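Working notes, structure below.
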Amino acid sequence: MGLASEVRVRARQLSDVEKPTHRDMGEGLIVVNPPWGERLSTDEAVKKLYTALGRVLHTEFLGWQAGVLAADTQHARCTGLRSHKNYKFKSGPLDIGLYLFDLTADNELRIGRDSIETKEVSAHRGLPTLSEGAHMFANRLRKNLKRLQKWRQQNEVECFRLYDADMPEYAVAIDVYGEHLHVAEYAAPKSVSEADATRRFNEVVEACQVVFNVSDRAEFGLKRRERQRGARQYERVSQRGERHQIKELGARLWVNLHDYLDTGVFLDHRPIRKRIQSEARGKRFLNLFAYTGVASVQAALGGARFTTSVDLSNTYLDWFKENLASNGLAESQNRAIKSDVMKWLASEKSRYDIILLDPPTFSNSKSTETHFDVQRDHLALISGAMDRLDKDGMLYFSNNHRKFELDSEVEGRFVVEEITSSTIDLDFERSQGIHRCWAITHKA
């Protein structure tokens, strides 16, 4: 009795554990008895659990001491922390150990330490040891994962941007696609030597291996990202032919992390796709510059009466049809049309209730007589799309041209509202220039 102010009991997932904040606790002791033996299905599952535990201990309880029970020395080492003392004893017939850790800032295994334990753990886990730079980068990834965790759980987000040039010296974009990782390096400025750029990129990849516990870097989609013009953004950069299926807003979608510069899903457009899905019931939906048709799949799953998707690429329209099939959606109600968008709009007679217009910044496809420039051509493009929009319909116009300026005539002829801020999710908050988006309707 009388301990209510001293003792608190909470049920939490390991990933949600945080240091208590009801009083100042710069020092303390945390004791952990993780599942082991028959309480977890495989030895590999045990290792991953202890890895996650070590991350929480070092991140949340810096300055404390920890005592961790483990049935195997290698499991304790998977925490990535160096124990200063351990005790062996029995739990019935089982041999177990109690491992004690000082959770100091420098107690995290990385390169630069010549200890036998560091080398043993790296060899056991099949992971690279980390340089000072890679170690710093790994900590940033862990910090970002923690920042996004609750948002991802609340919104059931499986695919997201984890890092986007947060630190100038590591100019990469890292996207998580379920259990897979995509790392795209931005072109380094001329002031950075090729040797330094290569070293930094290798540090990024090695940090990703350690944070995500992946021993073979070939499992990642690794690309050098430069500003692409025209059809180059659609050309193959590899011939692996390896695809993965992901989930987004209830849809099953195919991605290819290796063969093209883009993966098949533009993650930054998740909010506008969610909006379209919520508005689509009973509506006629038109998707211009449809790419792999992800927005059309979302509209169809949202109950659209029918969808029409227009794009110049047979490759991506076939990809769209495979996305339809994966979600049990009929091609007869979800048309895929290979055509130049401007020409198609000039000949199309049907009306639509919702239109998504997401053109490239620039295109000089061999299938068209003239090249397309979004800054120069967007007025004609929007006008053609609005001719196909029902009087009570909604056009969503988006593009990723960093210096784009909307023609004043658009606002003179139509009701225009910029909705960019509502189409940027938490994982793209650091990349506000990733796209701009407007909602456009007819004047009464």
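The values are calculated or read from the model by the stated rules, or taken from the named source; none is laboratory data. Everything quoted here is computed from the prediction, not taken from an experiment. Every residue, glycine as well, gets a Cβ built from its backbone with ideal geometry; the counts of neighbours run over all protein chains shown. Heavy atoms of the whole protein, side chains included, go into the accessibility calculation; ligands, DNA and RNA do not. Shrake-Rupley method; radii C 1.70, N 1.55, O 1.52, S 1.80 Å.
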Check: Using a 1.4 angstrom probe and counting only protein chains, how large is the accessible area of Lys391 in Å², to 10?
Finding: 150
Notebook entry, point to check: Packing-wise, with mean Cβ within 10 Å as the measure, how do 392-400, 415-423 rank, highest first?
Noted result: 392-400, 415-423
Notebook entry, point to check: So who's got an amide H within less than 5 Å of the one on Tyr260, skipping anything under 5 residues away but keeping other chains? H placed 1.01 Å off N, in plane.
Noted result: Val237
Check: In Å², what does the accessible area per residue of the chain work out to with a 1.4 Å probe?
Finding: 50
Notebook entry, point to check: Pairs Lys146/Lys321; Lys143/Lys190; Lys90/Lys146; Lys283/Lys343; Lys283/Lys338: which exceed 27 Å Cα-Cα?
Noted result: Lys146/Lys321; Lys143/Lys190; Lys90/Lys146
Note to self: Can you give me the angle between helix 116-125 and the longest principal axis of the chain, using Cα atoms only, in degrees from 0 to 90, rounded to the nearest 10?
What the structure shows: 40
Checklist line | Global form of the range 294-444, assessed from the alpha-carbon gyration tensor, a/c cut-off 1.5 | finding: rounded
Item checked: Surface share of carbon and sulfur [accessible, 1.4 angstrom probe, percent] for the chain -> 48
Check: Angle, helix 374-387 long axis vs. longest principal axis of the chain, Cα atoms, 0 to 90°, nearest 10?
Finding: 70
Check: What's the Kirkwood radius of the range 212-353 in Å, using all Cα pairs?
Finding: 16.1
Notebook entry, point to check: Cβ under 13 Å from Thr423's Cβ, Thr423 left aside: what net charge do those residues give with Lys, Arg +1 and Asp, Glu -1?
Noted result: -2
Check: Which ³J(HN,Hα) values in Hz, rounded to whole numbers, follow from the phi angles of the range 75-84 under the Karplus curve 6.51 cos²θ - 1.76 cosθ + 1.60, where θ = phi - 60° and Gly and Pro get x?
Finding: 5, 4, 5, 5, 5, x, 10, 9, 7, 9
